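The values are calculated or read from the model by the stated rules, or taken from the named source; none is laboratory data. Please read all numbers here as calculations on a predicted model, not as lab measurements. All Cβ positions, glycine included, derive from the backbone under ideal geometry; neighbour counts span all protein chains shown. To get the accessible areas, we keep the full protein, side chains included, count just its heavy atoms, and leave off ligands, DNA and RNA. Shrake-Rupley method; radii C 1.70, N 1.55, O 1.52, S 1.80 Å.
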Amino acid sequence: FCFGDVVDDLPTVSLDGIRGEWFPVIDNENTTSYWFSPFAGQCAGVVNHLIEVHPLPFVNAGSDMSICAGDQLRLLASGAQTYIWSNSLQNGQTVVPALGSTVYSVSGIDFRGCQNSDSFIVVVSDIPAISWNVLQDGVCSPAEVTISYVSSIPLLDCVLTVDDVVVSRNCNSDVHDS
């Protein structure tokens, strides 16, 4: 059995017609040794029976994430032998999620047939429209140029290049000499 499975009551009558009861009460969370104790007046002895309860696999679908529209996402669960993803998706499959929030769920089954599940949320945001304001303070070289971005979405990662030379990795307003 697998952890948490519904376990039927053990039979109270043996194949030989011996009546009795089992001890202790069935436990579907732990491997337990049970014994059958025949009722008085029957020519039978106590019988032991071990019922193994196997742990559920630790299925890991991945972590919640935020991505930009058009980004690809590879579904790759771990912790079991076979996987069944929601929406008929396959383990290892690459998808391009739609804008908004999507929950991806997977069930994993181990070699004993024990099953567990996990899920994660992907939030897909539209690519921000960015405009740059360049204010030039003079026309002679070298000139000081102030560059600032205007966007409704904060930039967490950006690189400013001028003539293929990286001049800034600062996402906030920056001042550069040119």
- Note on the structure: Put LEU75, LEU10 in order of accessible area, largest first, probe 1.4 Å, and you get LEU10, LEU75
- Item | 1.4 Å probe accessible area per residue over segment 1-141, in Å² | 66
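Please give me the summed charge of the neighbours of PHE3: other residues whose Cβ is under 13 Å from its Cβ, Lys and Arg +1, Asp and Glu -1. Intermediate values should be presented prior to the final figure.
Working: positive: ARG112; negative: ASP5, ASP27, GLU29, GLU52, ASP110.
Net local charge, PHE3 excluded: -4.
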- Query: From the phi of every residue in segment 5-16, what ³J(HN,Hα) in whole Hz does the Karplus formula 6.51 cos²θ - 1.76 cosθ + 1.60 yield, where θ is phi - 60° and glycine or proline is x?
  - Reply: 4, 6, 10, 5, 4, 6, x, 9, 10, 6, 4, 8
- Task: Keeping all protein chains in position, work out how much accessible area TRP35 exposes to a 1.4 Å probe, and write it in Å² to the nearest 10.
- Result: 100
- Query: Mind checking Rg over Rh on segment 65-118, alpha carbons, Kirkwood formula for Rh?
  - Reply: 1.02
- How much accessible surface does ARG74 have with a 1.4 Å probe, in Å² rounded to 10? 140
